[in-house]
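Everything below concerns the one structure shown next.
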Amino acid sequence: MHGDYQVFLGLDVGKDGHHAVALNREGKRLHDAALVNTEAKLRQVFDKLARHGRVLVVVDQPASIGALPVAVARACGHQVAYLPGLAMRRIADLHPGAAKTDARDAYVIADAARSLPHTLRRVDVGDDALAELEVLVGFDDDLAGEATRLANRIRGLLTQIHPALERVLGPKVQHKAVLELLSRCGGPAGLRKAGRRKLAAIAGKNAPRMGERLVEQIMTALDEQTVTVPGTTAAETILPRLADSLRDVLQQRDQVAAEVERMLDAHPLASVLTSMPGIGVRTAARILLEVGDGTAFATPGHLAAYAGLAPVTRRSGSSIRGEHPPRGGNKQLKRAFFLAAFAALTDPINRAYYDRKRAEGKRHNAALICLARRRCDVLFAMLRHKTPYQPRPTAPVAA
């Protein structure tokens with residue numbers, strides 16, 4: 001964030017109120033006081049500081065509790081940026097004192113904006129669709145976590161009372177047929193009591209292709225254990241409730257995915273992102289929220305470093321030499337790139353690159369990281385030129 005600013009306003013945002021510290025170009029304090037989180041008070045401070053020149057407003061949290069200051073600052077015509085938490089903690093170590101107060105944090109933010117502008121990140125301006133999309137994607141992330149928790153709980157109970165049955169149902173626990181069987185029949189005792197014909201009717205309705213095979217595997221697993229483990233009776237009553245809860249959560253995820261897809265269709269970059277193999281609706285939404293149009297990054301290497309995909313070099317004298325995977329970066333963006341690379345293994349071009357890295361001796365995850373790094377360069381070019389994915393031909397084209 002570089003520009004001809006005369007005032008650097010740091011806001012340590014909070015739920016009920018903020019603390020504001022404003023510095024001029026020489027580091028002199030122009031304002032240092034608590035600030036109530038209301039539009040009127042925010043406008044009053046912004047208008048007061050605007051008399052000294054162009055104002056840069058910097059927050060430590062651009063969303064949730066920092067959304068109102070960002071919106072008011074934009075409405076007043078001021079540029080807005082934010083200082084990431086990790087960078088703020090490291091910069092705070094450069095200032096004397098070990099106290100942790102709102103006033104000190106606000107001063108650190110303002111001084112970083114004044115003296116270290118390269119540490120700031122831009123807050124995307126004026127895209128209401130992205131703000132709406134962020135709310136939906138955040139809710140979908142919460143639902144995904146709840147679905148994982150419920151699935152693990154079901155698998156844990158099955159492992160406790162009937163390990164053989166868990167080996168059959170566990171990997172498919174989120175399938176509609178498995179959830180319907182657990183919901184209507186319960187655990188191993190309920191499944192055995194229902195009988196083969198009823199299980200086949202339930203499974204065949206929800207899984208026409210694998211219904212018979214699934215029922216056969218269930219009956220085989222039930223025959224492998226004759227003893228009843230303590231706690232089985234309680235598990236028989238809990239498993240249907242867990243299955244119903246998991247089914248409801250998955251249905252909510254499907255509804256949210258449909259809403260996200262409708263919102264993505266209205267964004268000009270959605271078709272560019274989804275044209276790349278391995279990038280679906282949820283992954284495209286996450287990349288769009290974290291990267292935007294890509295103009296905030298000068299080169300593909302900057303984008304890869306921000307996503308935590310660029311290797312970090314370690315050298316010290318002649319004893320320490322090499323590179324290692326980075327521990328920092330945007331975790332959500334890195335996960336999106338990693339999952340997209342894994343999903344893209346069905347594409348011949350991506351699979352060939354992955355196989356080449358495995359042939360070099362890299363493990364599965366390392367090869368996927370290499371593939372994600374390579375795809376990051378392609379994605380950067382797609383966003384920069386706003387062009388869909390164009391696969392490189394596998395065979396040379398005749399002149």
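The values are calculated or read from the model by the stated rules, or taken from the named source; none is laboratory data. These figures come from a predicted structure and were not determined experimentally. Neighbour counts are summed over all protein chains in view; Cβ atoms, including those assigned to glycine, are modelled from backbone coordinates with ideal geometry.
Looking only at residues in region 74-113 that are under 23 Å from Phe46 (Cα atoms) and touching a Ser or Thr at 6+ places or on another chain (Cβ under 8 Å), the one that is surrounded by the fewest Cβ atoms within 10 Å (Cβ to Cβ) is Pro84. Determine, yes or no, whether Gly17 is within 30 Å of Val137 (Cα to Cα), among the small types (Gly, Ala, Ser) and surrounded by 14 or more Cβ atoms within 10 Å (Cβ to Cβ). Yes, satisfied.
The residue pairs whose first member lies in region 189-218 and is closer than 26 Å to Thr232 by Cα, whose second member is of a type in the set (Lys, Arg), and whose beta carbons are closer than 8 Å, counting only pairs six or more residues apart or on different chains, are Ala194/Arg184; Ile202/Arg184; Gly211/Lys205; Leu214/Lys172; Val215/Arg196. Counting residues in region 291-314 that are in a helix (DSSP H, G or I), modelled with pLDDT of 85 or more and more than 23 Å from Ala87 (Cβ to Cβ) gives zero. Identify the residue in region 50-67 that is surrounded by fewer than 21 Cβ atoms within 10 Å (Cβ to Cβ) and at pLDDT 90 or above and, among all such residues, is nearest to Ala112 (Cα to Cα). The residue in question is Arg54.
Can Arg114 be described as basic (Lys, Arg), at pLDDT 95 or above and in a helix (DSSP H, G or I)? Answer is no for this residue. Considering only residues that are in contact (Cβ under 8 Å) with a residue 60 or more places away in the chain and of a type in the set (S, T, N, Q), look in region 261-282 and name the one that is farthest from Ala341 (Cα to Cα). Selected residue: Ser271.
When residues in region 20-49 are screened for being in a helix (DSSP H, G or I) and crowded, with 18+ Cβ neighbours inside 10 Å, 4 of them pass. Look at region 57-79: where a residue is closer than 19 Å to Ala110 by Cβ and a partner is among the hydroxyl-bearing types (Ser, Thr, Tyr), sitting 6+ places away or on another chain with Cβ atoms under 6 Å, you get Val59/Tyr82; Pro62/Tyr82.
Which one of these is outside the structural domain of Gly280 (by TED's automatic domain parsing), farther than 16 Å from Pro277 by Cα and at pLDDT below 95: Ala398, Ala367?
Exactly one residue qualifies, and that residue is Ala398.
Where residues in region 146-167 are of a type in the set (Val, Ile, Thr) and buried (at least 20 other Cβ atoms within 10 Å of the Cβ), which of them is farthest from Ile202 (Cα to Cα)? Of everything passing the filter in region 146-167, Ile161 is farthest from Ile202 (Cα to Cα). Could you tell me whether region 331-338 includes any residue that is within 30 Å of Leu136 (Cβ to Cβ), under 20 Å from the mean Cα position of the chain (by Cα), modelled with pLDDT of 85 or more and not in a helix (DSSP H, G or I)? Checked against the condition, which is being within 30 Å of Leu136 (Cβ to Cβ), under 20 Å from the mean Cα position of the chain (by Cα), modelled with pLDDT of 85 or more and not in a helix (DSSP H, G or I), region 331-338 yields no hits at all.
Residue by residue, here is whether (1) assigned by TED's automatic domain parsing to the domain that holds Asp12; (2) in contact (Cβ under 8 Å) with a residue 12 or more places away in the chain; (3) under 13 Å from Leu56 (Cβ atoms) holds:
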residue: Ala87; (1), (2), (3): yes, yes, no
residue: Ile91; (1), (2), (3): yes, yes, no
residue: Ala99; (1), (2), (3): yes, no, no
residue: Ala106; (1), (2), (3): yes, yes, no
residue: Ala112; (1), (2), (3): yes, yes, yes
residue: Pro117; (1), (2), (3): yes, yes, yes
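The single condition among (1) closer than 30 Å to Ala284 by Cβ; (2) in contact with a helix residue (DSSP H, G or I) (Cβ under 7 Å, 6 or more places away or on another chain) that Leu222 does not satisfy is (1).
Test Ser271 against the stated conditions and say whether it is polar (S, T, N, Q), surrounded by 16 or more Cβ atoms within 10 Å (Cβ to Cβ) and in a helix (DSSP H, G or I). No. Tallying residues that are surrounded by 18 or more Cβ atoms within 10 Å (Cβ to Cβ) and either over 21 Å from Gly280 (Cα atoms) or out of contact with any Pro (no Cβ under 7 Å at 6 or more places or on another chain) (or both) within region 354-373 yields 8.
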